[in-house]
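Chemist: Got a structure for you, written out below as structure tokens; questions coming shortly.
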Amino acid sequence: MNQVEELIAQWRDKKISGTGLMRGLVSYAGWDVPVSEAAVGEALASNAAPSLQLSSDPDGAVCLLIFSSAETMTRYRNSIGAKGDQHFLSVRGTWVFHLTLDKVDKIWIDGGSAHDIFYGKEHFGALRDMAEAIKVEEALVGLRKGTAPDNAIQTAKGYKNYYLPVAVKDNKPSFIMAPDEQGRALAAAFTSDDTFDAFAPEARAMADGAEVQQMQIDGEALFDTFQRMRIDGFVFNCAGPIPPVAFQQAAAGIILEGK
């Protein structure tokens with residue numbers, strides 16, 4: 001059982017949420033996506049990524065099939081009596097789930113297997129948002145560890161869907177800070193709905209009866225706010241489900257001014 005099969009099994013057993021499943025699938029780095037032989041030839045001639053091969057499900061819906069392993073692809077091809085070689089791209093989930101799929105009705109994962117699942121058009125936006133969030137999370141980890149690619153600062157600064165926890169009482173808002181055992185003043189920020197939701201129970205406890213709101217903010221405004229606050233630093237995703245990433249306050253100005 002590979003990672004994708006395990007994730008789907010956990011979701012079906014209600015051990016993880018639909019959002020948790022989505023994060024796991026988008027994070028997966030071993031997807032195989034079929035392409036036609038003609039598309040491969042065109043790609044070689046133009047030095048561009050080949051067009052993806054679309055299929056139809058039993059109801060006639062247009063599907064993008066993606067497979068978590070060569071074995072799952074082979075089993076599917078055997079089940080439909082496919083002949084000859086199958087060309088495919090090996091891609092990361094952050095690439096395939098970020099695609100604009102105007103002509104696709106469904107994404108069909110591991111078609112024909114016992115664990116196959118579909119995502120319909122109504123889920124494409126959420127999958128794309130998760131892909132963007134994971135790219136930003138990877139950029140932030142790289143910046144913190146000094147292993148970031150050249151575009152990491154642009155990725156972090158250009159992201160539109162950061163979230164801040166705000167306590168509102170008597171129409172007066174205030175930021176809810178991240179907990180810190182060393183007593184430092186650390187601003188809390190989140191890259192996605194699921195990381196915010198993981199902190200929400202603790203935020204409500206810290207808010208002492210005030211209403212907790214999820215404030216969306218883009219990267220430019222976020223890092224500008226951080227460099228103006230009286231804080232020691234800031235931390236992303238302090239409550240999971242992924243490891244937190246913390247920075248000293250000075251990093252806000254570096255990111256804001258970086259290119």
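The values are calculated or read from the model by the stated rules, or taken from the named source; none is laboratory data. Quantities reported herein were computed from a predicted structural model and do not represent experimental measurements. No Cβ is skipped: glycine too gets one built from the backbone with ideal geometry, and neighbour counts run over all protein chains shown.
Chemist: Taking G158 as meeting all but one of (1) at pLDDT below 95; (2) within 22 Å of the chain's Cα centre (by Cα), write down the number of the exception.
Modeler: The number of the failed condition is (1).
Chemist: Still on this model: Would you be able to tell me the number of residues in the stretch 56-106 that are more than 25 Å from the chain's Cα centre (by Cα) and over 21 Å from R128 (Cα atoms)?
Modeler: Residues in the stretch 56-106 being more than 25 Å from the chain's Cα centre (by Cα) and over 21 Å from R128 (Cα atoms): 20 in total.
Chemist: Still on this model: Only one of these conditions is not met by G111: (1) modelled with pLDDT of 95 or more; (2) in contact with a strand residue (DSSP E or B) (Cβ under 8 Å, 6 or more places away or on another chain); (3) of a type outside the set (K, R). Which number is it?
Modeler: Only one criterion in (1) modelled with pLDDT of 95 or more; (2) in contact with a strand residue (DSSP E or B) (Cβ under 8 Å, 6 or more places away or on another chain); (3) of a type outside the set (K, R) is unmet by G111, namely (1).
Chemist: With the condition being under 17 Å from the mean Cα position of the chain (by Cα) and not assigned by TED's automatic domain parsing to the domain that holds M22, I'd like the helices (runs of 4 or more DSSP H) fully within the stretch 192-259 carrying at least 2 qualifying residues.
Modeler: 193-206
Chemist: Right, next: Which of the numbered conditions does P179 fail, given that it passes all the others? Conditions: (1) over 30 Å from L64 (Cα atoms); (2) surrounded by fewer than 21 Cβ atoms within 10 Å (Cβ to Cβ); (3) modelled with pLDDT of 95 or more.
Modeler: Checking P179 against (1) over 30 Å from L64 (Cα atoms); (2) surrounded by fewer than 21 Cβ atoms within 10 Å (Cβ to Cβ); (3) modelled with pLDDT of 95 or more, the one that fails is (3).
Chemist: If you take the residues in the stretch 159-201 that are in contact with a Ser or Thr (Cβ under 9 Å, 6 or more places away or on another chain) and of a type in the set (V, I, T), which one is nearest to N237 (Cα to Cα)?
Modeler: So the residue we want is V166.
Chemist: Here's another thing I want to ask about it. Which residues, taken from the stretch 79-108, are crowded, with 18+ Cβ neighbours inside 10 Å and under 12 Å from P34 (Cβ atoms)?
Modeler: Q86, F88, L89, V91, V96, W108
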